[in-house]
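A quick write-up on the structure given underneath.
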Amino acid sequence: MSPFSIKKPHEGKLNGSAQSGRSWDHSKQSSRRFNSISDLDLCQDPYLFVNGISSHDLHQGSLGNCWFVAACSCLALRKALWQQVIPDFQEQEWDPKTPEKYAGIFRFRFWCFGIWTEVVIDDLLPTIDGTLIYCHSNVENEFWSALLEKAYAKLAGSYEALDGGSAADAIVDFTGAVAESIDLVQGKYSETISEQMKLFEDLLKVHKRGGLISCFIASSSGIANEVESKTGLVAGHAYSVTAIRKLHLGESLTFSFNAEKLFMVRLRNPWGNREWNGAWSDNSEEWKKVSNAERKRLGLTVENDGEFWMTFEDWCKNFTDVDICRIVNTSYFSIHKTWETKMLHGAWAKNSEPLLNRCGGCFDNTETFLQNPQYIFDVKKTEDKVLISLQQEDRRRSKKVGKGDNIIIGFEIFKVEDNRSYRLHKLTVQERVATSPYINTRNVFLKKTLKQGRYILIPTTYLPGITTDFILRLFTDVPSKLRELTADKPEMTCWSLLCGYPRRITQIKIHSAEGLQEQDGSGGADPYVLIKCENQKVRSPVQHNTTRATFDTQVIFYRKNIDSPIIVQVWNSNILCDQFLGQALLAASPSDPREQQTLQLRGRGSQEAEEVPGHITVKVFSSDDLVEL
């Protein structure tokens, strides 16, 4: 059974009603124009921003979208990011000196399914008795947060569509970031200190490099949604992470090696109040251990503004989930690691013809799994860390017809033949190297270190027969040549009719070579294998300083001349001229044994050529059905 998780409503959709707990009647709501023309205005001197933009500007209203407000608080921390969402903000600002230029419209931009999309709205905002009922600023005449919420509601289809959601989804829509969700409970981060420290360093790096982080506490059977606990934290509620620091205690200088350090995280409640009351809360005794200079550096404020500090250990113990949104660096003009990126649009589509069907479900659906879309990519380095993000289309516009919930999605990665260029039809020698979580979130993420070779990535829905669109993003250190496999076998053309069309498919896995002749003074060799079939050659990576080499090299050939044997040669790599160590000839007939076999190496020539030191272990499969493999 493939690992998967269905997010419960309190996990995948944070409801987050306003702290007053009041409800509202849409039929009684009035909309007032935000400008200075009539006496019905919300205020006489409206502005987008008052004294700049801050994570403290936002307060959640009656709508259950604490996740959205938390995402906005994160966004406000990064000038370069919010300026993408609110373009030309200075030109859009209301100018009391030239009121005639005010058109009553505002422009916002969102990263919508891989494309930056502009959303234009008017300045009518929902009110009751002249008061904003949804997201609003703590300053009466500042409206950027309310207008941004309206634009985002338009993108989603309605304000109602924002009643429950994910902070990670909103951050991705704001920035195009790559979102990773981590279950702190399942990962036992509160128990395993080593894993806790790894996570802290990862979050610290993400935060320093411009990433955005949010977290929440999943409700349990014993804790109701939106209820404040004894610690002051609220279950089923999203918080934004506004800082991550290593805190120096005492009066020691910050660069002293003897200064005691604490690992700290600062959070903000979108309600603008109700804070953590445990260790290192605003008025706690622990802050007396911190020098005035360190407090100033941290920007510590002792007031009920919804922002507070916790130790990372307490954070891991009290919060259940964290969403990490990485701004992946793709610029070559950077001191940090530059990633090569590739993004492709795809779809799970239904077709009654199995070879054309593209919605086969997860790996457990053995008969249909390989009918999903398939994407091939190469890892060029000996090892390379890859980041994979799979995002399904935004379904919030379908909420009114009962289809707004996310589909359970995930993906599998298989190591395949080094020269494969057609779709995979059967899993024989392919190694399943990675499986993402299967979960009903809009984004699924996986970080994995892969060895050199060629891989097939198969994105799937959990159940077969479900159709929707998706985007796939792959980040590697060197170009991966990610592309979709669409053909099942070589195309029949006029040229192939003249020159011959493949009659047989053969798959070979070279497992190892042993007993090779020593080639240097240290008693070793630098062997590699070269597999030849008709006019094709595939070479394995070199294994250094050994006479017992493990290759695990896979190749596949579409053969026209089935009477011509496949040649597997072993060579020793040298600086000037490589040295031939021996070879084996394979008839590769469908009737040949399919089990792993060990073959004696021989000199050049026929199958009866003179034996030479060493043997190779191979596995061969052949079929006259070109879509058998």
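What the table shows:
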{"item": "Meets criteria (in a strand (DSSP E or B), in contact (Cβ under 8 Å) with a residue 60 or more places away in the chain and either crowded, with 17+ Cβ neighbours inside 10 Å or not assigned by TED's automatic domain parsing to the domain that holds Q507 (or both)) for V555", "result": "yes"}
{"item": "Candidates Q597, Q607 - the one that is polar (S, T, N, Q) and more than 44 Å from the chain's Cα centre (by Cα)", "result": "Q607"}
{"item": "L576, sole failed condition from (1) in a loop (DSSP other than H, G, I, E, B); (2) touching a residue at least 12 places away in the same chain (Cβ under 8 Å); (3) of a type outside the set (D, E, K, R)", "result": "(2)"}
{"item": "Residue in region 592-605 that is under 21 Å from I562 (Cα atoms), acidic (D, E) and either in contact (Cβ under 8 Å) with a residue 24 or more places away in the chain or crowded, with 16+ Cβ neighbours inside 10 Å (or both) present", "result": "yes"}
{"item": "Failed criterion for L497 (all others in (1) at pLDDT 95 or above; (2) over 19 Å from S564 (Cβ atoms); (3) not in a loop (DSSP other than H, G, I, E, B) hold)", "result": "(1)"}
{"item": "Selection status of T617, within 41 Å of the chain's Cα centre (by Cα), among the polar types (S, T, N, Q) and either outside the structural domain of I508 (by TED's automatic domain parsing) or in a strand (DSSP E or B) (or both)", "result": "yes"}
{"item": "Strands (runs of 3 or more DSSP E) fully within region 425-485 counting 2 or more residues that are under 13 Å from the mean Cα position of the chain (by Cα) and surrounded by fewer than 22 Cβ atoms within 10 Å (Cβ to Cβ)", "result": "443-461, 468-476"}
{"item": "Filter result (without any contact (Cβ under 8 Å) to a residue 40 or more places away in the chain and either hydroxyl-bearing (S, T, Y) or touching a Gly at 6+ places or on another chain (Cβ under 8 Å) (or both)) within region 283-301", "result": "S284, T301"}
{"item": "Test: residue in region 463-481 that is touching a residue at least 60 places away in the same chain (Cβ under 8 Å), of a type in the set (F, W, Y) and in the same structural domain as K381 (by TED's automatic domain parsing)", "result": "yes"}
{"item": "Some residue of region 110-131 being in contact with an Asp or Glu (Cβ under 8 Å, 6 or more places away or on another chain) and among the hydroxyl-bearing types (S, T, Y)", "result": "no"}
{"item": "Residues located in region 331-369, provided they are exposed (fewer than 13 other Cβ atoms within 10 Å of the Cβ), among the small types (G, A, S) and either touching a Cys at 6+ places or on another chain (Cβ under 8 Å) or not assigned by TED's automatic domain parsing to the domain that holds N440 (or both)", "result": "S331, S334"}
{"item": "Residue list for region 78-91, filter: touching a helix residue (DSSP H, G or I) at 6+ places or on another chain (Cβ under 9 Å) and either in contact (Cβ under 8 Å) with a residue 12 or more places away in the chain or not assigned by TED's automatic domain parsing to the domain that holds F49 (or both)", "result": "R78, L81, W82, Q84, V85, I86, F89"}
{"item": "Filtered residues of region 117-143 (kept if out of contact with any helix residue (DSSP H, G or I) (no Cβ under 8 Å at 6 or more places or on another chain) and within 20 Å of V172 (Cβ to Cβ))", "result": "E118"}
{"item": "Residue in region 336-354 that is in contact with a helix residue (DSSP H, G or I) (Cβ under 9 Å, 6 or more places away or on another chain), of a type in the set (A, V, I, L, M, F, W, C) and in contact (Cβ under 8 Å) with a residue 24 or more places away in the chain present", "result": "no"}
{"item": "Number of the exception - S540 against (1) surrounded by fewer than 17 Cβ atoms within 10 Å (Cβ to Cβ); (2) assigned by TED's automatic domain parsing to the domain that holds L599", "result": "(1)"}
{"item": "Hits in region 517-546 - residues which are at pLDDT 90 or above, in a loop (DSSP other than H, G, I, E, B) and aliphatic (A, V, I, L, M)", "result": "V542"}
{"item": "Residue list for region 363-392, restricted to those being within 18 Å of T330 (Cα to Cα) and either among the acidic types (D, E) or not in a strand (DSSP E or B) (or both)", "result": "D384"}
{"item": "Which listed residue, of A151, A156, A167, is under 21 Å from S62 (Cα atoms) and in contact with a Cys (Cβ under 9 Å, 6 or more places away or on another chain)", "result": "A167"}
{"item": "Identity of the residue in region 395-419, part of a loop (DSSP other than H, G, I, E, B) and surrounded by fewer than 21 Cβ atoms within 10 Å (Cβ to Cβ), that ends up modelled with the lowest pLDDT", "result": "G402"}
{"item": "Qualifying residue in region 107-123 (condition: touching a residue at least 40 places away in the same chain (Cβ under 8 Å), more than 27 Å from G410 (Cβ to Cβ) and crowded, with 23+ Cβ neighbours inside 10 Å)", "result": "yes"}
{"item": "Cβ pairs under 9 Å, 6+ apart, first in region 487-505 and within 25 Å of K426 (Cβ to Cβ) and aromatic (F, W, Y), second loosely packed, with under 14 Cβ neighbours inside 10 Å and modelled with pLDDT under 95", "result": "Y501/M492; Y501/T493"}
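Matching residues to (1) loosely packed, with under 13 Cβ neighbours inside 10 Å; (2) at pLDDT below 75; (3) not basic (K, R):
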site: V206; (1), (2), (3): no, no, yes
site: E251; (1), (2), (3): no, yes, yes
site: E275; (1), (2), (3): no, no, yes
site: K288; (1), (2), (3): yes, no, no
site: R295; (1), (2), (3): no, no, no
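The values are calculated or read from the model by the stated rules, or taken from the named source; none is laboratory data. Keep in mind it's a predicted model, so treat the numbers as computed, not measured. Positions of Cβ are generated from backbone atoms using ideal geometry, with glycine treated the same way; all protein chains shown enter the neighbour counts.
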